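Let me begin by presenting the structure, written as structure tokens, before commenting on it.
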Amino acid sequence: MISSADQEASLNSLESTYRKLSNAYVSMEGKGANTTLVKKRRDAVKAGIESLRSDWYGNDFSHERDVIATSQLTLEDILPSIHKQLAKAKDGSPQLTLNVRRLTALNLAIESLKNRLG
């Protein structure tokens, strides 16, 4: 069982990631850059947030199986870059704390999405 504090920290981390991806999407779109990956990641993080909210708070979750599977794989594809950032981060640094929270949140979201695929 995950404590309510850990649930809140994980949702806050994912929501922060979602905001950053949304801002990057808008910025890249304005510059005419390719937004495919950023959009895919943004949408996957949103599905992860909604899945966790459904698990923990009983919120509605109404994504199709293919969206759930794609979201799960997309979130898994983010993990190696987080592990690289963790390896570079200094002990006790804000960057380390941020990335540990982000890794925990992503793993919880991935697990939640996997459970929906049964």
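The values are calculated or read from the model by the stated rules, or taken from the named source; none is laboratory data. Everything numeric here is computed off the predicted structure, so don't read it as measured data. We place every Cβ from the backbone using ideal geometry, glycine too, and count neighbours over all the protein chains shown. All accessible areas refer to the heavy atoms of the entire protein, side chains included, with ligands and DNA or RNA removed. Shrake-Rupley method; radii C 1.70, N 1.55, O 1.52, S 1.80 Å.
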Legend entry - Set Ala33, Ala89, Ala5: member being without any contact (Cβ under 8 Å) to a residue 24 or more places away in the chain, over 20 Å from Leu113 (Cα atoms) and open to solvent by less than 30 Å² (accessible area, probe 1.4 Å): Ala89
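Table: residues versus (1) in contact with a helix residue (DSSP H, G or I) (Cβ under 8 Å, 6 or more places away or on another chain); (2) part of a helix (DSSP H, G or I); (3) farther than 18 Å from Glu15 by Cβ.
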{"site": "Leu37", "(1), (2), (3)": "no, yes, yes"}
{"site": "Lys46", "(1), (2), (3)": "yes, yes, no"}
{"site": "Ile49", "(1), (2), (3)": "yes, yes, no"}
{"site": "Leu52", "(1), (2), (3)": "yes, yes, no"}
{"site": "Leu79", "(1), (2), (3)": "yes, yes, yes"}
Inset, instruction - Give the stretch 36-53 a look and list any residue that's in contact with a Phe, Trp or Tyr (Cβ under 7 Å, 6 or more places away or on another chain) and without any contact (Cβ under 8 Å) to a residue 60 or more places away in the chain, or say none. - result: Val38, Lys39, Arg42, Lys46, Glu50
Inset, instruction - Please indicate, with yes or no, whether at least one residue in the stretch 85-98 is within 18 Å of Val38 (Cα to Cα) and of a type outside the set (S, T, N, Q). - result: no
Inset, instruction - Test Asn59 against the stated conditions and say whether it is part of a loop (DSSP other than H, G, I, E, B), under 25 Å from Ile2 (Cβ atoms) and modelled with pLDDT of 95 or more. - result: yes
